[in-house]
Amino acid sequence: MYTVPKGTKDVLPSESYKWHYIEDAVRYTAELFSLKEIRTPVFEHTELFLRGVGGTTDIVNKEMYTFEDKGGRSITLKPEGTAGVARSVIENSLASGALPLKMYYISPIFRYEKPQAGRLREHHQFGVEIYGADTAECDVEAMLIVKTFFDKLGLRNICVNINSIGCEHCRPNYNKALTDYYKKHEDALCGDCKDRLQRNPLRLLDCKNERCLALNPPKITDYLCESCGNRFLEVRALLEELAIPYEVNTKIVRGLDYYTGIVFEFINKNIGAQNTVCGGGRYNKLSKELGGAEIPAIGFGMGIERLILTLESEGLLEVTEKTPAVYFAPLDKECAKKCMSITNELRSRGVRAETDIMGRSLKSQMKYADKTACEFVVVIGSGEKETARYVIKNMSTHEAFEATEEELYVFFSQKSK
Ligand code: ATP
Ligand code: MG
């Protein structure tokens with residue numbers, strides 16, 4: 001028997017309605033904020049991620065699904081959404097139109113990671129990218145999109161954590177302070193962090209190892225230049241003005257090299273170790289890095305599987321699936337034709353109607369109607385076919401009434417409105 005590859009998951013027919021519910025909330029929020037959808041390929045040239053995501057990140061170093069295609073090109077399955085969108089913005093000159101350019105996507109993301117609860121090798125992200133503005137208002141707008149989306153889903157116990165990781169002027173000083181600190185505590189570091197210390201000390205702050213977490217490194221907020229420091233204050237003031245609860249969390253550095261300035265994560269303390277549902281930040285240097293014009297931008301990515309865990313842990317995913325409004329049960333093959341024709345007419349009027357396509361006995365058809373929670377059942381035998389009068393039975397109250405074919409159409413069409 002074949003099994004699904006490690007770290008991947010089927011969305012089964014019995015649970016896909018949960019995804020639709022979330023995707024509907026994504027589109028609802030996108031409309032409110034005038035975000036337009038962008039769809040980029042599932043794979044890109046590997047080089048894009050090496051440059052865009054950065055050679056010192058875990059994603060590029062350890063997690064990419066890279067292969068050579070039959071034409072000898074190095075191809076990588078998207079390990080995140082931002083670089084592909086940036087490539088498309090440059091290639092299609094999207095930023096030469098009206099600004100700000102506001103986009104969203106829902107996309108599969110591939111990372112070769114150790115699978116565990118909330119950590120998969122294929123997961124899905126709802127992401128947003130906003131190009132063209134470099135203001136505190138834009139930073140807060142990105143957070144407001146997440147907040148509005150969570151509100152729509154009824155999710156309230158999830159707090160935005162913010163930090164600034166500085167810019168090319170102030171980050172080098174901080175990197176030096178961090179390196180000095182960690183060098184003094186090198187014995188306490190995990191193997192990965194010893195390695196990170198050589199390449200990118202900021203990455204150490206992101207480590208989930210308990211020994212590394214127990215250390216008390218200097219805080220970047222003490223090293224920000226005037227411009228980064230002022231922006232951070234402005235963002236905080238705006239969040240306060242809007243009465244949005246937030247926490248300053250100086251351990252947030254984000255896993256990608258392209259971030260500068262404001263970074264944020266939405267953290268749910270109830271879903272265990274993998275508790276960051278959404279992460280984002282400003283990446284003003286990415287476009288230039290990829291060969292485009294310098295254009296400021298901010299974005300976030302939200303893991304849909306982690307969002308589902310969060311919603312379930314809070315009892316917020318008890319949405320109900322739509323069931324068939326009516327099931328037509330034929331007693332023989334001749335009646336099956338009539339059932340198909342009535343079902344067909346009802347569907348053309350927008351009614352969720354079902355009939356037997358398995359040639360089953362009445363008893364097993366009734367079991368099926370019951371299992372699939374059909375609201376009404378109509379049994380059609382030769383008598384009903386001749387008189388063209390049908391008995392419509394309500395499956396939950398067991399009440400029944402008689403109707404002509406036209407009355408039946410009217411009744412179900414009106415119920416489905
Ligand atoms: P983590 O610190 O948990 O590894 P990350 O910093 O790698 O997260 P991002 O690259 O910011 O995550 O991705 C955005 C969001 O995508 C995360 O906040 C999370 O909800 C989700 N996500 C990331 N990696 C995975 C994964 N392997 N499986 C499921 N969801 C994931
Ligand atoms: Mg990660």
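Bear in mind that the values in this text are calculations on the coordinates, not laboratory data. Being a predicted model, the structure only gives us computed values, none of them experimental. Positions of Cβ are generated from backbone atoms using ideal geometry, with glycine treated the same way; all protein chains shown enter the neighbour counts.
So which lysines can K147 reach, going by Cα to Cα under 29 Å and dropping same-chain residues fewer than 8 places off? Of all the lysines, those that pass the test against K147 - Cα under 29 Å, at least 8 places apart if same chain - are K9, K18, K36, K78, K102, K208, K219, K251, K269, K285, K322.
Defining a contact as two alpha carbons under 8 Å apart and six or more residues distant in sequence, what relative contact order in percent does the stretch 326-415 show? Reported relative contact order: 31 percent.
The fraction of Cα-Cα pairs per 5 angstrom bin, counted from 0 for the stretch 1-160, comes to 2, 7, 14, 17, 19, 18, 13, 7, 2, 1, 0, 0 percent, rounded to whole percents. For the listed peptides 116-129, 311-324, a ranking on the average number of other beta carbons within 10 Å per residue, highest first, reads 116-129, 311-324.
Evaluating kT/(6 pi eta Rh) at 4 °C and 1.567 mPa s, with the Kirkwood radius of the stretch 274-327 over Cα pairs in the Stokes-Einstein relation, gives 88 µm² s⁻¹.
Relative to its residue count, the stretch 326-415 spans a Cα convex hull of 87 Å³ per residue. To the nearest Å, what is the center-to-center distance of the stretch 65-92 and the stretch 300-369, using C-alpha atoms only? With the stretch 65-92 and the stretch 300-369 each reduced to a Cα centre, they are spaced 39 Å. Helix 82-91 and the long axis of the chain differ in direction by around 90°, with both axes built from C-alpha atoms.
Say R0 is 22 Å: what FRET efficiency, to the nearest 0.05, do K70 and L48 get from their beta-carbon distance? Here the calculated transfer efficiency is 0.65.
Most tightly packed first, judged by the mean number of other beta-carbon atoms within 10 Å of their residues, the peptides 101-114, 388-401, 367-380 read 101-114, 367-380, 388-401. The calculated Kirkwood hydrodynamic radius for the stretch 68-131 is 13.8 Å, given to one decimal from all distinct C-alpha pairs.
Inter-part distance, the stretch 13-52 to the stretch 384-417, computed on C-alpha centroids, equals 42 Å. When both bridge partners sit in the stretch 275-417, DSSP labels roughly 60% of those beta bridges antiparallel. Across all C-alpha atoms in the chain, the radius of gyration and Dmax reach 27.6, 93 Å.
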